[in-house]
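Trainee: Okay, here's the structure, questions in a sec.
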Amino acid sequence: MKRSLQDNSKLFYWKNRDQEEVDFVIQQGTKIIDLIQVCWSFDQARTREREVRSLLKASRELRCNRLLVITYDEERREKFSWFGFEGEVDFVPARKWLLRK
């Protein structure tokens with residue numbers, strides 16, 4: 001799926017052969033600039049693992065280090081090293097993310 005954004009960015013989603021997904025991939029020109037997951041809550045370990053694993057795998061494949069999870073109310077930065085993948089993920093409440101855009 002591809003849609004044009006106002007600043008000539010393009011919006012995609014990412015899905016691999018294992019059916020793991022990243023909700024939003026933002027591209028400017030030939031460079032991927034953001035990988036974004038949207039998740040109501042990160043309280044359950046299974047949800048955390050699924051969402052972060054997908055981000056880390058997409059990060060490696062698409063060569064993008066700006067990883068973001070938009071949540072209902074969590075705000076922090078956390079380093080992950082799972083499944084042979086590493087990355088730093090920012091968690092931002094939806095209301096703050098919407099206001100800064």
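Trainee: How much length would be gained if the chain were fully extended between LEU98 and ARG66, taking 0.36 nm per residue of separation minus their Cα-Cα distance, in nm to one decimal?
Mentor: 9.8 nm
Trainee: Tell me, rounded to the nearest percent, the portion of alpha carbon pairs in the chain spaced more than 16 Å apart.
Mentor: 56 percent
Trainee: Please figure out what share of the DSSP beta bridges in the chain is antiparallel and state it in percent, rounded to the nearest 5.
Mentor: In the chain, approximately 70 percent of DSSP beta bridges are antiparallel ones.
Trainee: A further question follows. Normalised by the residues of region 3-100, what does the relative contact order come to in percent, with Cα pairs under 8 Å and at least six apart?
Mentor: Relative contact order here is 20 percent.
Trainee: Find me the longest stretch of the chain that has none of the exposed chymotrypsin sites (Phe, Trp or Tyr not before Pro), where exposed means in a DSSP loop (not H, G, I, E or B) with at most 14 other Cβ atoms within 10 Å.
Mentor: 1-39
Trainee: Going by how many other beta carbons lie within 10 Å of each one, how would you line up LEU99, LEU35, LEU67, LEU62, fewest first?
Mentor: Going from sparsest to densest Cβ surroundings: LEU99, LEU62, LEU67, LEU35.
Trainee: Treating only the Cβ atoms of Lys and Arg (+1) and Asp and Glu (-1) as charged, compute the dipole magnitude of the chain about its Cα centre; round to the nearest 20 debye.
Mentor: 360 debye
Throughout, read-outs are computed from the coordinates displayed, never taken from laboratory work. Small disclaimer: the values here were computed from a predicted structure and weren't measured. As a convention, Cβ positions derive from the backbone with ideal geometry for all residues, glycine included, and neighbour counts pool all protein chains shown.
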